[in-house]
Amino acid sequence: MCSSDLMLGERLGAWLTFIGENHGRRGLQSLDLARIIIAPRLSHVSRDFAETLAARVEAGATLVITDPDAFSWDIETGPLDRMRTRIVGSTRGTARTADSLVPTAEARKRFGDIGTLPIAPGGGILSAQVPKGAVTLFTYPDRAPAAFSRGMGKGEVIAFAANPFGTRAPGFAAGGWTAFFASLP
């Protein structure tokens, strides 16, 4: 967790609960009542926790993944390729550069008149592999897909190929990130 993660609740005027995988395992925290799950970092996660997230989405939650490397590796069992395909719907993209994400007409219709979403140049920016049946929500300035939405059971997965919660935290600079998060159901 970094300072930009903590700023999200303050900027939105909303209560957030940070739920750690280990606290979930020990029964100290639960995702059972979560309607929206925002996952800024999810590259190294246990298969069990990934199953918990999948079950919650299938039951009706919205999972917003801003980690382009989500579901890459479980330290106990190895690669999570199948789990990533199950939840995200696609494989990991390839490295690329960009400085922003541009909302599509579908994104503007759904999230309101949000602006361009700034991202920190450098690492953590990948091409988006949009699965069949998914809706592209954001593109890079060159119009290549950058984020999409797909149904999963009764819920939804919104997957970004670029993480705004990096070390430079552009997520709360002037732009549409706050409006995007505020518009989630």
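Label separation (R86 vs D48): 1.5 nm, computed from points 7 Å beyond Cα along the C-beta direction. Model label sites at T94 and K154, defined 7 Å from Cα along the beta-carbon direction, differ in position by 4.1 nm.
Residues in segment 32-166 average 46 Å² of solvent-accessible surface per residue, probe 1.4 Å, ligands and nucleic acids excluded. For G124, no residue has an amide H sitting under 5 Å from its own, ignoring neighbours fewer than 5 places away on the same chain, with H placed 1.01 Å from N.
Could you please state how large a percent of the accessible area of segment 52-133 is carbon and sulfur, counting protein chains only and using a 1.4 Å probe? It is 52 percent, rounded to a whole number.
Computed from backbone phi with θ = phi - 60° and the Karplus coefficients 6.51, -1.76 and 1.60, the 3J(HN,Hα) list for segment 29-46 is 9, 8, 9, 3, 9, 5, 9, 10, 10, 9, 10, x, 9, 8, 5, 10, 8, 6 Hz; x is used for glycine and proline.
The values are calculated or read from the model by the stated rules, or taken from the named source; none is laboratory data. Since the model is a prediction, treat every value here as computed from it, not as a measurement. Cβ: placed from backbone, ideal geometry, glycine included. Neighbour counts: every protein chain shown. We work out accessible area using only protein heavy atoms, side chains counted, and drop any ligands, DNA or RNA first. Shrake-Rupley method; radii C 1.70, N 1.55, O 1.52, S 1.80 Å.
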